[in-house]
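Presented below is the structure to which this report refers.
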Amino acid sequence: MDVKTITETIKSRQIISRTIIMIISVFILALNYNLFLLSNNFVIGGTSGLAIIIQKIFNIEPSFFIFITSLILIIMSIIFLGFESTSKTIIGSLLYPIFISLTSSIAKIITPYLNFESTIIIVLLAGLLSGLANGFIYKTGFNTGGSDVLMKIINKYYKISEGKSLFIVNLIIMLSGAFLFGINKFIYALIILFINTKVIDRILIGISNSKLFFIHTKKINEVKKFIIEELNSGVTIFNATGGFSKQKNDVLMCVVKTNDYYLFKDAVLEIDPHAFFVINDCYEVSGGVKGKNFPFI
């Protein structure tokens with residue numbers, strides 16, 4: 001079984017339930033956008049943040065701007081990254097602006113009942129809902145495209161890590177928001193972004209940016225091939241001796257991004273159902289092949 005077949009087998013599992021969860025999550029993300037982000041001019045980056053800025057300057061509906069931008073980014077992604085890499089972004093990218101338009105009227109009905117005395121409560125709710133929605137979208141293997149597409153294109157052609165390229169794109173958008181709406185809105189947006197990131201990390205298992213795998217398998221070459229070709233990661237092979245059996249075996253060690261946690265774990269079991277592995281949170285990665293792919297390292 002080759003690498004692509006393994007990946008496709010994993011992605012095809014529970015596709016209906018994963019798609020339903022993704023759709024519900026995108027709906028919540030859109031409702032949160034109308035309830036808390038758009039109505040309060042909280043620019044937290046991405047195309048949705050840029051849409052708030054565009055509405056302020058040109059009075060263009062955010063849902064329309066996001067939809068057109070998403071179409072352009074999908075086309076760019078297909079051209080520069082290929083259809084296979086783009087496929088998991090198409091549904092989310094198109095559903096998000098549609099749901100923003102649909103939930104606009106719902107938000108107008110709910111908003112009068114959300115009369116909070118403190119802005120910080122709105123900030124906390126916005127960050128929590130964003131994190132929950134994004135976390136479950138990523139967990140199902142989908143995403144809503146947007147600045148993620150630009151991130152991947154920058155990473156591919158300019159060799160800037162995905163995390164750094166995403167940080168640069170979003171920082172430019174957020175600073176533009178600060179210029180238009182003031183420093184207070186900028187600080188609130190930073191808090192929302194921080195909460196959003198932490199909740200996503202929790203949902204995707206653990207609090208670290210990456211996971212450290214130690215794997216004992218009879219199909220060591222197949223697993224190694226998957227790590228190198230599918231995850232574009234490095235791998236270290238240790239010579240180990242069983243404490244009880246005294247048998248000599250090879251053990252693989254590799255670090256994967258938290259977003260790839262489920263894919264890799266399922267892939268190992270797909271290759272070798274009897275594989276034994278230990279997984280730990282990894283709080284720092286420095287140097288090596290994988291170190292280049294991790295954000296802010």
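The values are calculated or read from the model by the stated rules, or taken from the named source; none is laboratory data. The structure presented is a predicted model; accordingly, all values stated were derived computationally and were not measured. Note: ideal-geometry Cβ built from the backbone for every residue, glycine included; neighbour counts use all protein chains shown.
May I ask you to list pairs of residues, at least six apart or on different chains, whose Cβ atoms are under 6 Å apart, with the first in segment 121-140 being outside the structural domain of TYR188 (by TED's automatic domain parsing) and the second being surrounded by fewer than 20 Cβ atoms within 10 Å (Cβ to Cβ) and assigned to a helix (DSSP H, G or I)?
Note: no pairs meet the criteria.
What helices (runs of 4 or more DSSP H) completely inside segment 187-297 contain at least 2 residues that are surrounded by 16 or more Cβ atoms within 10 Å (Cβ to Cβ), at pLDDT 85 or above and out of contact with any Gly (no Cβ under 6 Å at 6 or more places or on another chain)?
220-229, 261-271
Considering (1) within 18 Å of ASN134 (Cβ to Cβ); (2) touching a Phe, Trp or Tyr at 6+ places or on another chain (Cβ under 7 Å), say which one ASN32 fails and leave the rest.
(2)
So which residues in segment 145-177 are under 19 Å from SER48 (Cα atoms) and either in contact with a strand residue (DSSP E or B) (Cβ under 7 Å, 6 or more places away or on another chain) or among the hydroxyl-bearing types (Ser, Thr, Tyr) (or both), if there are any at all?
SER147, SER165, SER176
Is it the case, given these coordinates, that LEU175 is surrounded by fewer than 19 Cβ atoms within 10 Å (Cβ to Cβ) and either assigned to a helix (DSSP H, G or I) or in contact with a helix residue (DSSP H, G or I) (Cβ under 6 Å, 6 or more places away or on another chain) (or both)?
So LEU175 fits the description; yes.
Condition first: without any contact (Cβ under 8 Å) to a residue 24 or more places away in the chain and either among the small types (Gly, Ala, Ser) or exposed (fewer than 15 other Cβ atoms within 10 Å of the Cβ) (or both). Now tell me which residues in segment 75-106 satisfy that.
Result: ILE75, ILE79, GLY82, PHE83, GLU84, SER87, SER105.
Taking VAL251 and the conditions (1) in contact (Cβ under 8 Å) with a residue 12 or more places away in the chain; (2) more than 27 Å from ILE153 (Cα to Cα); (3) assigned by TED's automatic domain parsing to the domain that holds MET151, which numbered condition does it fall short on, given that it satisfies the others?
So VAL251 meets the others, but not (3).
In segment 2-17, is there at least one residue being under 18 Å from the mean Cα position of the chain (by Cα) and assigned to a loop (DSSP other than H, G, I, E, B)?
Checked against the condition, which is being under 18 Å from the mean Cα position of the chain (by Cα) and assigned to a loop (DSSP other than H, G, I, E, B), segment 2-17 yields no hits at all.
Give me the residue from segment 35-48 that is part of a helix (DSSP H, G or I) and closer than 13 Å to THR144 by Cβ and, out of that set, nearest to the chain's Cα centre (by Cα).
The residue in question is GLY46.
ILE191 - would you say it is over 21 Å from LYS265 (Cα atoms), in contact (Cβ under 8 Å) with a residue 24 or more places away in the chain and either of a type outside the set (Gly, Ala, Ser) or out of contact with any helix residue (DSSP H, G or I) (no Cβ under 9 Å at 6 or more places or on another chain) (or both)?
Judged against the criteria, ILE191 is a match.
Scan segment 86-136 for residues that are farther than 23 Å from ILE75 by Cα and in contact with a Ser or Thr (Cβ under 6 Å, 6 or more places away or on another chain) and jot them down.
Within segment 86-136, ALA133, PHE136 qualify.
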